[in-house]
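Q: Quick one: this structure, given as structure tokens, is what I'll be asking you about.
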Amino acid sequence: MTAAAAVAAAAVGALALPAAAAGQPAARPHDRAVVISDVQYDSPGRDDRSNWSLNHEWVDITNTARRAVNLDGWTLSDEAGHTYTFRHFRLDGRSTVRVHTGVGRDRYSDVYQDRRNYVWNNDRDTATLRNDHGRFIDDASWGYRDRDHRGGGHRGAGERRA
């Protein structure tokens, strides 16, 4: 190995060190394959807090990669801090799980937050997905004129939910 090659290798190694030294886990390749693909923040009909209405408020999380992803410990939250944590859930490759607000029985394609009140504001809000290390994965916003809107999202009219 030449001296120039040794210096170049040392420089590359030094550049990689600060990210690890900062205490942040390296992003796993599959994290980028998981996205918020759609949001239904305004359930159809009257907002009467019935379980039917609550379960028609949902967020779709999609794994666009071929390999399954373990979502255990991942969180989905709104701007007010309402947080759903995935427990013992594996999202198969190229599949979607729908996270409903209301009460229900979890299945491979649907999970339930078991809440008795709405989570997503009709006028504006942001759904944020983080991995089990708290690292940002994706978000979807609606109702903000000056923000970059990411993710899917059904746009609906309705009253602000408290």
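The values are calculated or read from the model by the stated rules, or taken from the named source; none is laboratory data. Note that the coordinates shown come from a computational prediction; the quantities given were computed from them, not determined experimentally. Heavy atoms of the whole protein, side chains included, go into the accessibility calculation; ligands, DNA and RNA do not. Shrake-Rupley method; radii C 1.70, N 1.55, O 1.52, S 1.80 Å.
Q: Determine the gain in length on full extension of the stretch ARG135-HIS82; use 0.36 nm per residue of separation and subtract their C-alpha separation, reporting nm with one decimal.
A: That works out to 17.4 nm of additional length.
Q: Here is a further query. Keeping every protein chain present and rolling a 1.4 Å probe, give me the accessible area per residue for the stretch 25-143 in Å².
A: That works out to 51 Å² per residue.
Q: If you stretched the chain out fully between ARG124 and TYR108, how much longer would it get, using 0.36 nm times the residue separation minus the C-alpha to C-alpha distance? Kindly include the intermediate steps, with their values, before the conclusion.
A: Values: separation 16, 0.36 × 16 = 5.76 nm, distance 2.92 nm.
Taking ARG124 through TYR108 to full extension adds about 2.8 nm, to one decimal.
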